[in-house]
Amino acid sequence: MIWKIKTFDEFTVPELYQVLKARVDVFVVEQDCPYPDLDGYDQKGIHIWAEENGEVLAYCRVFDKGIKYDETSFGRVLTTEKARGTGLGKQLIQYAVETIENRFHTSEIRISAQDYLLKFYGGFGFESTGKKYLEDNIPHTEMFRK
């Protein structure tokens with residue numbers, strides 16, 4: 001297994017296909033949630049993923065300040081069904097935080113977390129802002145890390 005960190009322009013076509021496939025498999029098919037995954041933000045983000053034999057196992061995208069929030073952020077966080085329970089999700093979030101700290105020189109990160117993951121993100125220093133909402137009919141909470 002290898003980890004990759006790339007800007008949108010650095011993707012190969014097969015890599016982009018595998019990332020989009022993983023996002024559709026998890027967010028659209030598994031979560032039964034038709035939503036506009038291609039939202040115009042991929043081109044502005046840094047993409048982090050683990051792959052094995054060309055298959056994406058874990059993925060997220062990170063953003064500098066002022067793109068999604070006033071602070072840096074990350075989103076589209078996933079581990080595929082095959083990779084769940086292996087610790088890849090924790091590694092992924094650690095890499096996302098480190099990437100933000102190293103590239104954007106801040107530890108302040110704001111995220112939109114699915115409610116069932118609040119404790120998971122809390123383990124990385126994220127705290128609920130108290131802002132709760134439905135996003136694509138899934139309960140979310142805004143979280144912040146200083």
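Of the residues that sit in the stretch 100-146 and are hydrophobic (A, V, I, L, M, F, W, C) and either within 24 Å of Val29 (Cα to Cα) or modelled with pLDDT under 95 (or both), which one is farthest from the chain's Cα centre (by Cα)? Checking each candidate, the answer is Leu134. Does Asp42 count as closer than 22 Å to Ile111 by Cβ, under 14 Å from the mean Cα position of the chain (by Cα) and at pLDDT 95 or above? The answer is yes for Asp42. Test Asp64 against the stated conditions and say whether it is closer than 25 Å to Ile109 by Cα, loosely packed, with under 14 Cβ neighbours inside 10 Å and at pLDDT 95 or above. No, not satisfied. As a summary of the residue check, Arg76 satisfies the conditions (1) outside any strand (DSSP E or B); (2) in contact with a strand residue (DSSP E or B) (Cβ under 8 Å, 6 or more places away or on another chain); (3) surrounded by 13 or more Cβ atoms within 10 Å (Cβ to Cβ) except for the one numbered (1). Within the stretch 101-146, the residues that satisfy the criterion of being among the hydrophobic types (A, V, I, L, M, F, W, C) and outside any loop (DSSP other than H, G, I, E, B) are Phe104, Ile109, Ile111, Ala113, Leu117, Leu118, Phe120, Leu134, Ile138, Met143, Phe144. Close Cβ contacts (under 9 Å, 6 or more residues apart or on different chains) running from residues in the stretch 4-17 that are under 11 Å from Trp49 (Cα atoms) to residues that are among the small types (Gly, Ala, Ser) comprise Lys4/Ala50; Glu15/Gly54.
The values are calculated or read from the model by the stated rules, or taken from the named source; none is laboratory data. Because the structure is predicted, anything quoted here is derived from the model rather than measured. So basically every Cβ, Gly included, is an ideal-geometry build from the backbone, and we count neighbours across all protein chains shown.
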